[in-house]
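The values are calculated or read from the model by the stated rules, or taken from the named source; none is laboratory data. All values derive from a computational prediction rather than experimental measurement. Here the Cβ positions follow ideal geometry from the backbone for every residue, glycine too, while neighbour counts run over all protein chains shown. The area values use the complete protein model at the heavy-atom level, side chains included, leaving out ligands, DNA and RNA. Shrake-Rupley method; radii C 1.70, N 1.55, O 1.52, S 1.80 Å.
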Amino acid sequence: MKEFIEYILQYGHLNKQQIDLITSKGTEIELSKNDYFAEAGKVLRQVGFIIDGILRICYYNNNGEEITKIFIEENHLLFNLKNVPSTEYIQAATDCKLLVFSNQDWMEISDTIIDWENIIQKITNKSLAQKLERISPLVSQDATTRYLEFMEKYPTLVNRIPLSYIASYLGITQQSLSRIRKNIT
């Protein structure tokens, strides 16, 4: 919980009662590698904050191939308050620890803390900018360039997640990725 409060305080001020309210609503959960936080076709009924670990957002294309769209690291929020089914999966790429709030508790926090919406808007804007920077590179780049850019954008992930996920994100086979990695080092 401490990590979440510190994270929120970067975007706005909270008094002790507000911090106590937030603390009373959150629950820590653990996801094992490959577990799902959200599944396509289902409505996400909770807000998550990644304390430790890496999640990935993925989907299946028309050929049934799994495509990794983006990776999400520690200190990021996951939410969908629109109450519509997700079109993607959110899966643990590593063992993860998350702080979760039910959508109902999240709305109660929002209704109680006057500046909450403003804080969340700042977080959302920053996350959107990061997401746009990190979206899987265009296939017009060669695979080696895409991998080098991946290492630049996600410097802490390369040795933490399976190569198959990285290959999927880059749009190449795992064998191609292994060759690229061998040629770089």
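Helix content alone sets the calculated 222 nm mean residue ellipticity of the chain: runs of n ≥ 4 DSSP H residues at -39500 (n - 2.57) each, divided across all residues, give -12500 deg cm²/dmol. Which lysines does residue 182 reach when only Cα atoms under 25 Å apart count, and residues fewer than 8 places away in its own chain are ignored? Counting by Cα, and skipping residues close in sequence, residue 182 has these lysines nearby: 69, 153. Using the Karplus relation 6.51 cos²θ - 1.76 cosθ + 1.60 with θ = phi - 60°, the per-residue 3J(HN,Hα) values for region 115-124 come to 8, 4, 4, 5, 4, 5, 5, 4, 5, 4 Hz, with x marking Gly and Pro. The HN-Hα couplings worked out from phi for region 71-80 by the Karplus form 6.51 cos²θ - 1.76 cosθ + 1.60 (θ = phi - 60°) are 10, 10, 9, 3, 6, 10, 8, 10, 7, 8 Hz, whole numbers, x standing for Gly and Pro. Per residue, the average separation of C-alpha pairs within less than 8 Å and at least 6 apart gives the chain a relative contact order of 24 percent.
Over the Cα atoms of the chain, the radius of gyration divided by the Kirkwood radius equals 1.01; this is the Rg/Rh ratio. Across 97, 42, 16, 82, the residue with the most accessible area heads the list, and the full order at a 1.4 Å probe is 82, 16, 42, 97. Once backbone amide H atoms are built at 1.01 Å from N, residue 94 has 34, 54 as its partners under 5 Å, excluding neighbours fewer than 5 places away on the same chain. Distance between the pseudo-spin-label points of residue 11 and residue 69 (7 Å out from Cα toward the beta carbon): 2.0 nm. Here region 47-88 is scanned for amide nitrogen atoms under 18 Å from the site 7 Å beyond the Cα of residue 121 along Cα-to-Cβ, giving 81-82. For region 148-154, putting each phi into the Karplus relation 6.51 cos²θ - 1.76 cosθ + 1.60 with θ = phi - 60° gives couplings of 4, 5, 4, 4, 6, 6, 10 Hz, in residue order, rounded to whole numbers and with x for Gly and Pro. Solvent-accessible surface of region 1-120, taken per residue with a 1.4 Å probe and all protein chains present: 52 Å².
Using the Cβ-Cβ distance between residue 34 and residue 111 with R0 = 41 Å, the FRET efficiency computed as 1/(1 + (r/R0)^6) comes to roughly 0.70. With the whole protein complex present, residue 13 retains an accessible surface near 150 Å², based on a 1.4 Å probe.
What does the net charge come to around residue 21 if you take all other residues with beta carbon closer than 14 Å to its beta carbon, with K and R at +1 and D and E at -1? Residues close to residue 21 contribute a combined charge of -3. Across the options 183, 170, 144, the greatest Cα extent toward the positive end of the charge dipole of region 143-184 (unit charges at beta carbon of Lys, Arg, Asp, Glu) belongs to 183.
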